[in-house]
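Asker: Once you've had a glance at the structure underneath, I'll fire off some questions.
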Amino acid sequence: MDMVIPFSEVFLAAVIHATLQLELGTLLLLYHASLGKHVKKRTKNLVSSYIAGVGSLVFLGIAAVAFILDRYFEKPLWTEELIIVVAMLVALAIATWGFYYRRGRSTELWLPRSVARFIDKRAKETNSNTEAFSLGVLTSLAEMPFTLVLTVIAANSILALPTPYQLLAVVLYTVVAIIPPIIVRLAVRRGQTIADIQRWRVKHKNFLKIITGVGFLVLGFFLFGFEVLS
């Protein structure tokens, strides 16, 4: 039971991370740009490098936050600090419902126009595996206003686990967080078009927005019940 709650918190935080759409949307931009310039094998390599970039930053981000918490904070976090984290989760749920997606029948996200244009430009100009990897890292950094709290929660929970299980928990979070890009890669490989996938995202935009917001709230209640009250 001592490990069930920390692993559950890590898994739930990773699932919420996976419902966010910036990393997936950038992947579709990369597909759209590269399919017109490269042979199919080259496109696969670029996509794989992009996903590796996203996964690497997620993995290293959790490891870095865990190191900071372990070195400079009490572990686990104090009750007062956890209450702040819970409040931030509630705020993120409201933000997700309010402005994570821009209004209209598109999947355009909350990013400032200049940042969105820069990411779009980088996706169109990506010609090598290194550039694709860097694009994945850049996209993960741009999503951090919504993922940083999830990373802190996951890192705090990981530190509550026995040492042999900590690396396993970091890997679990990373794998779950990048499942959507992996699914898209497999779907394209099996014949789905980028247009089909984008239409699905537009059609289910409100559902995704609701699920993400509810996820933040559920994680907040989970932390409040099992960490703060206990």
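The values are calculated or read from the model by the stated rules, or taken from the named source; none is laboratory data. None of these values were measured; they are calculated from a predicted model. Virtual Cβ from ideal backbone geometry, glycine too; neighbours counted across all protein chains shown. Areas reflect the complete protein model, heavy atoms only, side chains present, ligands, DNA and RNA absent. Shrake-Rupley method; radii C 1.70, N 1.55, O 1.52, S 1.80 Å.
Asker: Mean residue ellipticity at 222 nm from the helices of the chain, using -39,500 (n - 2.57) per DSSP H segment of n ≥ 4 over the full residue count, to the nearest 500 deg cm²/dmol?
Answerer: Taking each H run of at least 4 residues, the total per residue is -25500 deg cm²/dmol.
Asker: Continuing with this model, one more query. Given contacts defined as C-alpha pairs under 8 Å and at least six residues apart, what's the relative contact order of the chain, whole-number percent?
Answerer: 46
Asker: Keeping the other protein chains in place, figure out the carbon and sulfur percent of the accessible area of the range 164-230, with a 1.4 Å probe.
Answerer: Of the solvent-accessible surface of the range 164-230, carbon and sulfur hold 70 percent.
Asker: Could you sort out which of Lys41/Lys124; Lys41/Lys203; Lys44/Lys209 sit more than 19 Å apart by Cα distance in this structure? Present the calculation step by step, with values, prior to reporting the outcome.
Answerer: On the way: Lys41/Lys124 17 Å; Lys41/Lys203 30 Å; Lys44/Lys209 29 Å.
Long pairs (Cα-Cα over 19 Å): Lys41/Lys203; Lys44/Lys209.
Asker: Oh, and also: Which of these values of Cα extents along the principal axes in Å was calculated from the structure shown: (1) 55, 38, 32; (2) 54, 42, 33; (3) 64, 35, 28?
Answerer: Step by step, Cα extents along the principal axes in Å for this structure corresponds to label (1).
Asker: Right, something else. Can you figure out the FRET efficiency of Ala95 with Ala187, using R₀ = 22 Å and their beta-carbon distance, to the nearest 0.05? Display every interim value, and only then the final one.
Answerer: Details: r = 29 Å, r/R0 = 1.33.
Step by step, r from the Cβ atoms, then E = 0.15.
Asker: For the range 145-218, what is the convex hull (Cα atoms) projected area averaged across all directions, in square nanometres?
Answerer: Over all viewing directions, the range 145-218 projects a mean Cα-hull area of 6.5 nm².
Asker: Taking only the alpha carbons of the range 1-73, what extent do you get along each of the three principal axes, in Å, biggest first?
Answerer: 50, 24, 18
Asker: Leaving out ligands, DNA and RNA but keeping every protein chain, what accessible area does Val218 have, in Å² rounded to the nearest 10, with a 1.4 Å probe?
Answerer: Its accessible surface works out to 70 Å², give or take rounding.
Asker: While we're looking at this one, here's another question. In nanometres, what is the gap between the two model label sites at His32 and Ile210, each 7 Å from Cα along Cα-to-Cβ?
Answerer: 2.7
Asker: Among rounded, prolate and oblate, which fits the range 53-152 when a ≥ b ≥ c are the square roots of the eigenvalues of its C-alpha gyration tensor, a/c under 1.5 means rounded, and a/b larger than b/c means prolate?
Answerer: Verdict is oblate for the range 53-152.
Asker: Another question about this same structure. In the range 14-37, whose amide N lies under 14 Å from the spot 7 Å out along Cα-to-Cβ of Ala195? List them in ranges.
Answerer: In the range 14-37, the label zone of Ala195 (backbone N under 14 Å from the point 7 Å along Cα→Cβ) covers 32.
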